[in-house]
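Since the structure comes first, as structure tokens, the remarks are kept for the end.
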Amino acid sequence: MIDAWLPVIDKLKKTGNIEICFIFPEPSALITEDNKSDLFNIAERYVDNVVYRGYSGELYTASTLIEARNGIKFSPLDEKIYSLAVRLYKGKASKFILLKYIGKFLLVLSKYIAYIKEKSSFLNPFNFEALKFFNGVLCDITVVNKKSNNAIMEKINFVPKFSMLHGLNAPWVEAEFNCKQSVKIKSNVTVYTASHLEASGYNRCFGISNENIVRAGIPRHDSAWIEFILKQSKPSEEAFESFVFIIGRPASPYNTVERKREALRNIYNTICAKYKLKLVVKTHPKESLDGVDGEIYKSALGLENYGKDWIFSNNHPFVLGKKAISSIVDNYPTNQELEHAKKAFSHAQIKSSIDVKGYKNTYGSLDLEINMARKALDNLLYEYPDIKRVL
């Protein structure tokens, strides 16, 4: 979220006497980003105040990001207990009643331990009255309805909000942009979109009128901002001169542990073993190197090969992308799924050429190509619903 808004915050800071408060309604949102990363250090320059939630559920305040991060008292052992509790209470194991109750007990215990640690550290509790002095909220309206946001959002319900999608998905094909029923119009929310194709989804699913939708592109990909990031970044001492860049993504029901491990092994065997090239991994903020994802990387790429054939990096993706020979996005398909995707695309292209035959092009050739591409994707996703994660 911060990454999406930083170039805007930079402009705001330069144009007036504006104070910026970063709010982290979930503790994981603050501790997942490495405090030595380019993003963390650049964001630290713009912050005037930080509001963050501890694992006890309590809200606290700090004057810097590093102070807030240090205020979250959560050891590797605490993380393992919490992770186990969540899997037992909400994961596949929850279908067994006894395990679900054990998970619930561990969650309560974990929360109580966090509360004791936080109180003994004399952290500064957050005063909700401070929210009445907010003049505007920079957010992503598509995710503000999370339970963890409720207490804060209720207090700033009437404050003008400015929304930008925090990811780089194509939202018009996502589930939340294909809602089954419309919602009431929100008059105090302005949305900045990357494409005109997002408008109808914001209209129906989030109650944003066309008057409050501004097509702004992607501010963090502005050339001036990219140059700024490149100049601010500090090169890693252990970085390779030439490498292939892996953009990480956490294991999930769509990107299972088995798939991810198999794909990484295939990548290592091809890039490092066959072509004698190096790998640099930029992990996703939700990938914990002390958890499941860290274990996958170490086992698939070989811990004994770390520093010789591959490394993790805290550098900004722009920095790594500029130096890299090529880039690989995690969520990569297995060999079997690639073959499946080739067949699906071939079938979709044939069907789409039939469907658009005789189409009257009144908006120029680009619109014709877009419509053809959308029809091809619609056909593909309809007939191969499991292929969406490969795309």
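Values in this text are rule-based calculations from the coordinates and carry no lab data. This one's a predicted model, so the numbers in the text were calculated from it and none came from an experiment. Quick reminder, even Gly has a Cβ in these numbers, built from the backbone with ideal geometry, and neighbours come from all protein chains shown.
Remarks
- For region 67-126 versus region 191-233, the spacing of their alpha-carbon centroids is 36 Å.
- Note on Glu44 and Ser200: the extension gain reaches 52.6 nm, defined as 0.36 nm multiplied by sequence separation minus the Cα-Cα distance.
- Chymotrypsin sites (Phe, Trp or Tyr not before Pro) lying in DSSP loop within region 273-321, provided at most 13 other Cβ fall within 10 Å: Tyr275
- With each label modelled as a point 7 angstrom along the Cα→C-beta vector, the Lys14-Ser94 pair spans 4.6 nm.
- Per-residue HN-Hα couplings for region 204-219 [Karplus 6.51, -1.76, 1.60; θ = phi - 60°; Hz; x = Gly/Pro]: 7, 8, 10, x, 9, 6, 4, 5, 9, 10, 10, 7, 10, x, 10, x
- By the beta-carbon count within 10 Å of each Cβ, the least crowded to most crowded order of Lys92, Lys73, fewest first, is Lys92, Lys73.
- Put in order of Cβ neighbour count within 10 Å, fewest first, the listed residues Tyr112, Tyr52 become Tyr112, Tyr52.
- Phi-derived couplings, Karplus 6.51 cos²θ - 1.76 cosθ + 1.60 at θ = phi - 60°, listed residue by residue for region 288-300: 8, 6, 9, x, 4, 5, x, 5, 4, 4, 5, 6, 6 Hz, with x used for Gly and Pro.
- Our coupling estimate for region 254-271, obtained by passing each phi through the Karplus curve with A = 6.51, B = -1.76, C = 1.60 and θ = phi - 60°, is 8, 10, 5, 4, 5, 4, 5, 5, 4, 5, 5, 5, 4, 5, 4, 4, 7, 6 Hz, Gly and Pro reported as x.
- For region 1-46, trypsin sites (Lys or Arg not before Pro) are listed when DSSP marks them as loop and at most 15 other Cβ atoms sit within 10 Å of their Cβ; the list is Lys36, Arg45.
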